[in-house]
Amino acid sequence: MALHSIRSEPAAPTARRSGTEGRQALLVTCRAMTPADTAAAPAARKGALTPRAEDFPRWYQEVVARAELADNGPVRGTMVIRPWGYAIWERLQAALDERIKAAGAENAYFPLFIPESYLKLEAEHVEGFSPELAVVTHAGGRQLDEPVIVRPTSETVINSFIAKWVQSYRDLPLLLNQWANVVRWELRPRVFLRTSEFLWQEGHTAHATEAEARDYALEILADVYRSTMLDVACVPVLTGHKTTRERFAGATRTWTCEGMMGDGKSLQMGTSHELGQNFAKAFGIQFSDAQGTQQYAWQTSWGASTRLIGAIIMAHGDDFGLRLPPSLAPLEVVVVMVKDDDDVRREAAHLVSTLTELGHRVRLDDRTDTGFGRRSVEWELKGVPVRVEVGPRDLAEGNVTLVTRHTRQKATVPLSGAVGAVVTTLGDVGHELRAEALEFRLGHTVAVATVDEAIEAGETGFATIALAALGDDGEDRLGAHAITVRCLQRPDGGLAEHDDEDDLVAVVGRSY
RNA sequence: CGGGCUGUGGCGCAGUUUGGUUAGCGCGCUGCGUUCGGGACGCAGAGGUCCCCGGUUCAAAUCCGGGCAGCCCGACCA
């Protein structure tokens, strides 16, 4: 097996909305954890995570390991997604799948192996991907006559079939999606963010007109991607279109969702492409229109991957580990038995069953032979949104302790109101995480007038600069400082109808 | 592909310059006991081809030669 490789893209756009719904006052006392709560043990510092401010990449790797999200695979650049990480993926998958279907696309599955000749049919496409391709040259004990490529994306195979299935305008639009793994050999792998093999969803559609294809690409961008990221992952994203340089190989236009991570860098979280008639012409996707004239179809393709897990880690995580919105958390609530005591066990079990009956994902932590502190740290690392601590001391007064992960606030609540308090808190978490992430981005975004200012601002966050001020050599100058244009949008953050609009703004920054 | 660095129990490391016989430490792991409302402690244990091959030597984790792997920087990056 010989190989080469490819690449991927990132993005950065607008965000808005952060709403907080009515929340009810929590009963009783609330307090922030004091240093004594966390640093009490002399060894506390030892097993703790490297602070984000000290070394963000290291912090990221530690969170991935300690929250048991993933491990590195035996082949460089590959990853093993562990149960806790995979459960988050399953929830993201469900949210995306539901929206994709609502947009009218149907799931199907195409082969992992693609004839090398297919890749070569679209010039820009091959050129873009060839450096990242994994190519099978031997199989069945002998050299293959035609090398087989492990799909880096499926435009070629899928379009070869769409060509076969589309004859008439009545067959359009054809809206397909597939859940699959793809391979793009990476020189600089980073778990979830950039691995040689990853899981994703790729949509491929064919339409009768350019306008319809564009509308669909935008519908996916907004109603599938932006919605999942904002409403489910609680990560505000900027949406806009890519510059020619950052465009998908073979596309006429690439739309992106860019989120800001905790270190001010941008992560491209999902892209939707207008393919024009490039692939239709390469693969012969033609149809007879109502007048009986042969026409080439207009197409789109769009994808979002396990990279989103990385986005959630980096957009929400803090120095104590992962912080998950309830919508994605494998467990929304953990009821921790502080001590093994009959009353404690009974009340804890009762809370678990009541919350479970209400439809929440809850687990009882009855490992009382393991230290309480250790268990607290463990659930905190894993990002479980709400923890209920049930112990004899509180119970004697008819209370339990409710700990909110993202704020690390502890509240003592009456046993009788515990379920209500948990449900209320769960309802607030997502909004608060979203608002916090948005506030962070806004606080790290600055409007500038010159490329030099953009370079400076790009070191710590995003800079917005008029496309006109960026100039023809702007991207080159930014590139020299590892800064790229994440996306182009209108001054108000809206999507541009045309690339040549006068007042377009470029959002620039460093990226993953 | 260019430059620098590193390979020692599961993880992180010391030891290598000045070869020396039982290869250490922290974390983690197992057992017992005391603990256990924020990463507990004591005692007792388990766990290692010191990256590989070859050479030098009475003796190699340590010295020499070659190889492999990984990391960082750069380049490159749907």
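The values are calculated or read from the model by the stated rules, or taken from the named source; none is laboratory data. All values reported here derive from a predicted model rather than from experimental measurement. Here Cβ is always computed from backbone atoms with ideal geometry, including for glycine, and neighbour counts include all displayed protein chains. The protein model used for the area step is the full one, side chains on, heavy atoms only, and it has no ligands, DNA or RNA in it. Shrake-Rupley method; radii C 1.70, N 1.55, O 1.52, S 1.80 Å.
Listed conditions (1) at pLDDT 95 or above; (2) open to solvent by 10 Å² or more (accessible area, probe 1.4 Å); (3) out of contact with any Cys (no Cβ under 8 Å at 6 or more places or on another chain) are all met by A:Gln201, apart from (2). Residues of the range A:231-274 that are within 27 Å of A:Val429 (Cβ to Cβ) and assigned to a helix (DSSP H, G or I): A:Asp231, A:Val232. Of all residues in the range A:347-374, those satisfying the criterion of being over 24 Å from A:Thr424 (Cβ atoms) and not polar (S, T, N, Q) are A:Asp366, A:Arg367, A:Asp369, A:Gly371, A:Phe372, A:Gly373, A:Arg374. Is there a residue in the range A:393-406 that is within 25 Å of A:Thr50 (Cβ to Cβ), modelled with pLDDT under 95, within 11 Å of RNA strand B (Cβ to nearest atom) and not in a loop (DSSP other than H, G, I, E, B)? The answer is no; no qualifying residue exists. In the range A:290-297 there is at least one residue that is surrounded by 21 or more Cβ atoms within 10 Å (Cβ to Cβ) and in the same structural domain as A:Gln61 (by TED's automatic domain parsing). On the stretch given as the range A:56-72, residues that are within 11 Å of RNA strand B (Cβ to nearest atom) and part of a loop (DSSP other than H, G, I, E, B) total 1. Among the residues of the range A:304-322, those identified as open to solvent by 10 Å² or more (accessible area, probe 1.4 Å) and either hydrophobic (A, V, I, L, M, F, W, C) or under 14 Å from the mean Cα position of the chain (by Cα) (or both) are A:Ser305, A:Arg307, A:Ala315, A:Phe320. In the range A:143-177, the residue that is surrounded by the fewest Cβ atoms within 10 Å (Cβ to Cβ) out of those that are free of Cβ contacts under 8 Å to residues at least 12 places away in the same chain and outside the structural domain of A:Glu98 (by TED's automatic domain parsing) is A:Asp145.
Quick grid of which residues meet (1) touching a strand residue (DSSP E or B) at 6+ places or on another chain (Cβ under 9 Å); (2) at negative phi; (3) open to solvent by 40 Å² or more (accessible area, probe 1.4 Å):
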| site | (1), (2), (3) |
| --- | --- |
| A:Trp185 | yes, yes, yes |
| A:Arg190 | no, yes, yes |
| A:Leu193 | yes, yes, no |
| A:Glu197 | yes, yes, yes |
| A:His207 | yes, yes, no |
| A:Glu212 | yes, yes, yes |
| A:Leu218 | yes, yes, yes |
| A:Asp223 | no, yes, yes |
| A:Leu230 | yes, yes, no |
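Across the range A:496-512, the number of residues qualifying as closer than 20 Å to A:Arg307 by Cβ and more than 16 Å from RNA strand B (Cβ to nearest atom) comes to 1.
Let's see how each residue does on (1) surrounded by 17 or more Cβ atoms within 10 Å (Cβ to Cβ); (2) without any contact (Cβ under 8 Å) to a residue 40 or more places away in the chain; (3) touching a strand residue (DSSP E or B) at 6+ places or on another chain (Cβ under 6 Å):
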residue	(1), (2), (3)
A:Arg408	no, no, no
A:Val429	yes, no, no
A:Ala449	no, yes, no
A:Ala468	no, yes, no
A:Arg477	no, yes, no
A:Val505	yes, no, yes
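For the range A:477-495, indicate whether the set of residues that are on the phi > 0 side of the Ramachandran plot and either away from RNA strand B (no atom under 16 Å from the Cβ) or in a helix (DSSP H, G or I) (or both) is non-empty. Within the range A:477-495 (the criterion being on the phi > 0 side of the Ramachandran plot and either away from RNA strand B (no atom under 16 Å from the Cβ) or in a helix (DSSP H, G or I) (or both)), the answer is yes, since at least one residue qualifies. When A:Glu98 is tested against the conditions (1) more than 30 Å from A:Arg66 (Cβ to Cβ); (2) charged (D, E, K, R); (3) in contact with a strand residue (DSSP E or B) (Cβ under 8 Å, 6 or more places away or on another chain), the lone failure is (3).
Scanning the range A:352-386 for residues that are near RNA strand B (Cβ under 7 Å from one of its atoms), surrounded by 18 or more Cβ atoms within 10 Å (Cβ to Cβ) and of a type outside the set (S, T, N, Q) returns A:Val377, A:Glu378, A:Glu380, A:Leu381. Checked against the criterion of being more than 10 Å from RNA strand B (Cβ to nearest atom), in contact (Cβ under 8 Å) with a residue 60 or more places away in the chain, touching a Gly at 6+ places or on another chain (Cβ under 7 Å) and not acidic (Asp, Glu), the candidates A:Gly259, A:Gly240, A:Gly264 yield just one match: A:Gly264.
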